[in-house]
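One structure below.
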Amino acid sequence: MSAAGAVRVRQHQPGADIALIERGLGVHDAPTSTIFVCVGDEISTEGQDGFLRGHGTQVVDGKLVATVCGVVERVNKLIYVKTLNSRYNAEQGDVVVGRVADIAGKAWRVDLKSRQESKLLLSAVHLPGGIQRRRNAEDELNMRAFFREGELISAEVQSVHADGSVALHTRSAKYGKLTHGQLVEVPPNLIKRQKQHFHTLEALGIELIIGCNGLVWVAPLRPDRAAAAAAAAAGGAGDAAADAAAAAPPPPPTKGQLEVVCRMANAIRVLTRLYMPVYPASIMATYEAAMDRGVELRDMLEPDFLEAVVKQEAQRRSSAMQE
């Protein structure tokens, strides 16, 4: 195998990321009041008579023990464990990225990497041309013309039912099937909720969809997305412009576009490794830091660059506190 096509295998080192962050911040063995616990660990209740047992805890033989891994939180007399990497809990209005798992009846079952079951009803999808009409038996037979099993889609949480199930919708042209891109999975608690989760980086020719469920889609900017964004900015009918552009299949991405996509995806992976919030500004800052330092695409996840990102973030926060 040639050197260009060689596969690089990194040895797993438990705690290496924490040590890297400490080196970047210039602290070692810093004292902390945060208490981390694993399943079965005893949680101290000294000096707290009449405490309230919260989520992630259980009383065993008169002692309070943890039932999940995480950080011990105390609010007055309430003691609970906040998990570090919990599964996604859907909320109405969330923008999500998911994979079609199954088709049953008049709905698609979508995997959102959450604890709830998610369904996209046939009546909740966007029809070509933005036509508003009742779905009929022919539409039900042709459901795979919209989305097939295994395909990635973007959608919005329409409602969360009392039993915990989630109803999705794709009633806008900006939602729908995702192709020619890269999917990056991050812990949902690192996703910074914002007013807008669809981002178009025209200078780079890239689009970002930051799903609230921890799935981030990075892809070359499609003509229909660009048409919808331009029409929306001009106050026109974005859906109509997007439908017209989507009629023709998108051209295959170029090598340059694919390299930018991979760099943006690696920037998201860097933030995930360093437990830093994932949002457009932090992604672009990491991407630009790699470009300014001349870091190769394959070296973006190496310790040297990770440490540089930590130092850069520490300087940014220090400057923000001084202002």
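The values are calculated or read from the model by the stated rules, or taken from the named source; none is laboratory data. Given the structure is predicted, the values throughout are model-derived calculations rather than measurements. Neighbour counts run over all protein chains shown; Cβ positions are idealised from the backbone, glycine included. Side chains are part of the model used for accessible areas, which takes the heavy atoms of the whole protein and leaves out ligands, DNA and RNA. Shrake-Rupley method; radii C 1.70, N 1.55, O 1.52, S 1.80 Å.
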Close pairs (6 angstrom Cβ cut-off, 6 or more residues apart or separate chains): of a type outside the set (Phe, Trp, Tyr) and at pLDDT 75 or above in the range 122-139, open to solvent by 20 Å² or more (accessible area, probe 1.4 Å) and in a strand (DSSP E or B) anywhere: Ala124/His169; Arg135/Ser123
statement: Among Ala173, Ala203, Ala219, the single one that is modelled with pLDDT under 90 and surrounded by 16 or more Cβ atoms within 10 Å (Cβ to Cβ) is Ala173
task: Would you be able to say whether some residue in the range 304-316 is modelled with pLDDT under 95, in a helix (DSSP H, G or I) and closer than 26 Å to Leu178 by Cβ?
output: no
- request: State which residue is least open to solvent (accessible area, probe 1.4 Å) when the search covers only the range 43-65 and only residues that are in contact (Cβ under 8 Å) with a residue 24 or more places away in the chain and not in a loop (DSSP other than H, G, I, E, B).
  value: Thr57
- prompt: Which residues, counting only those in the range 94-112, are touching a strand residue (DSSP E or B) at 6+ places or on another chain (Cβ under 6 Å) and outside any strand (DSSP E or B)?
  reply: Asp94, Lys106, Leu112
query: From Ala265, Ala314, Ala289, which residue is more than 17 Å from Glu185 (Cβ to Cβ) and buried (at least 18 other Cβ atoms within 10 Å of the Cβ)?
result: Ala289
query: What residue, of Leu258, Leu297, is modelled with pLDDT of 90 or more, open to solvent by 30 Å² or more (accessible area, probe 1.4 Å) and touching an Asp or Glu at 6+ places or on another chain (Cβ under 8 Å)?
result: Leu297
- prompt: Quick one: Glu73 ticks every box in (1) modelled with pLDDT of 85 or more; (2) open to solvent by less than 80 Å² (accessible area, probe 1.4 Å) bar one, so which box is it?
  reply: (1)
task: Have a look at Asp94, Asp102, Asp139 and point out the one that is open to solvent by less than 70 Å² (accessible area, probe 1.4 Å) and in contact with a Leu (Cβ under 8 Å, 6 or more places away or on another chain).
output: Asp139
